[in-house]
Amino acid sequence: MSLAPHPYPIITTSATKTMPRQAQVDMIQLFSYIENNYGTEVGTKALKAGAEYMGYSYATITNRMEPYKTGRGKWNLTIEEAREQLEEIVQDDRNIVPMKDETFVPFGNFTDLKKILGSNTFYPVFITGMSGNGKTFGVEQACAALNKELIRVNITIETDEDDLIGGFRLVNGETVWHNGPVIEALERGAVLLLDEIDLASNKILCLQSILEGKGVFLKKTGRYVNPTAGFNVVATANTKGKGSDDGRFIGTNVLNEAFLERFALTFEQDYPTTAIEQKILRKICDDGEFCSKLADWADIIRRTFKDGGIDEVISTRRLVHIVTAYKIFGKRQKAIEVCVNRFDDETKQVFMDLYGKIDANLEEVETDEQ
């Protein structure tokens, strides 16, 4: 059993302002259950039923309900001050809409992806493409533009059902249920982003029913969670779930065919065009000439890569790293060099020589800048 806290948001009680944020309880869900079944002025019986329904101990629930206590064995859910505190906390904790990034430039399948997510139609999407071409960034910015909540999960070979769905955690000596990111997304009607899905093992098959839009039964608590309107799943990967034959993406796995079949469509995302890439770089760097030459340089390298003339490629992410280094150091050659040092010596030299041919005045520019 994992005891590590999860990074995704979980709703806490109004007592959070005076208590440690450890035993986290979805008070909105608890209130809904109690009010629907017992009303707003309740006793011990209602809290015990709520504790059983939520999968928490009675002691935990009574502790979190302290602000609503009106007497011995009596609670009132309409106490104004406590409810206002709860609403403030819920509003803060549930603000998981991505921030709009002013440097983002839409391209490729962005418009289609935005239409799908904006339709509130459950339609799982698989996005595949080379590393560093904006797959994840595009999903985040689509959600930002639509003001939709996004929960991102970085998948690894170790990711299992407990990581995704949730499980019991030991908190203050008590075993309590914590929702996983999948359940959070289901209940919120958020977009669930499964990043690097092709690194997963067969433990990812716990998502089968969810990818069919049917929700999931929590066998550990006996509760069924139905998807809220707006819920959707987007997966990103460097492969199509068939493994990496050329060894470029070590660690990727062959995914179950039935699992892959549950994604309604697959977008193949390529690197942006030279013109778009220049726009992306100009959002970060004021030197238009340098941005133009970098985009041309990357385009030549990619075309050579596709023809089998070279084993490495310059990604859009790598270009962004270069112009950022340029802003720091103020030297073109140094900016490129420190950012291509990750490649082997032969490839690095080929890349540097090629850029030297594109930017014939490189040495002169560097001298002037010094």
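Extension gain, THR40-GLU52: 0.36 nm per intervening residue step, less the Cα-Cα distance, totals 2.5 nm.
Shape index of the range 147-197: Rg/Rh, with Rg the Cα radius of gyration and Rh the Kirkwood radius from the inverse mean 1/r over Cα pairs, equals 1.04. Between LYS203 and ARG342, the contour length at 0.36 nm per residue exceeds the Cα-Cα span by 46.7 nm.
In square nanometres, what is the average projected area of the Cα convex hull of the range 252-319?
About 6.5 nm², averaged over all directions.
Scaled to the globular estimate 2.2 N^0.38 Å, the Cα spread of the range 274-369, given as radius of gyration, is 1.00. Cβ crowding within 10 Å ranks MET27, MET99, MET352 as MET99, MET352, MET27, fewest other Cβ atoms first. Going by Cα centres, the range 298-336 and the range 142-184 are how many Å apart? If you average the Cα positions of each part, the centres end up 36 Å apart. Which of the lysines could a cross-linker span from LYS306 if the Cα-Cα distance has to be under 21 Å and same-chain partners fewer than 8 positions apart are dropped? Output for LYS306: LYS135, LYS240, LYS242, LYS293, LYS348, LYS357. Report the FRET efficiency, 1/(1 + (r/R0)^6), for ASP286 and LYS240, where r is their Cβ-Cβ distance and R0 is 45 Å, rounded to 0.05. It comes out at approximately 0.70. Remark: the ASP296-PHE168 segment gains 40.8 nm on full extension, using 0.36 nm per residue and subtracting the alpha carbon distance.
Spin-label model, ASN226 to MET352: label points 7 Å out along the Cα-to-beta-carbon direction sit 6.4 nm apart.
For the range 110-269, compute Rh as the Kirkwood radius over C-alpha pairs and then the Stokes-Einstein diffusion coefficient at 4 °C and 1.567 mPa s; write the answer in µm²/s, rounded to an integer.
After rounding, the answer is 80 µm²/s.
Annotation: the residues SER119, SER131, SER315, sorted from fewest to most other C-beta atoms within 10 Å of their own C-beta, follow the order SER119, SER131, SER315.
Read-outs throughout are calculated quantities, based only on the coordinates presented, and are distinct from any laboratory measurement. All values reported here derive from a predicted model rather than from experimental measurement. Note: ideal-geometry Cβ built from the backbone for every residue, glycine included; neighbour counts use all protein chains shown.
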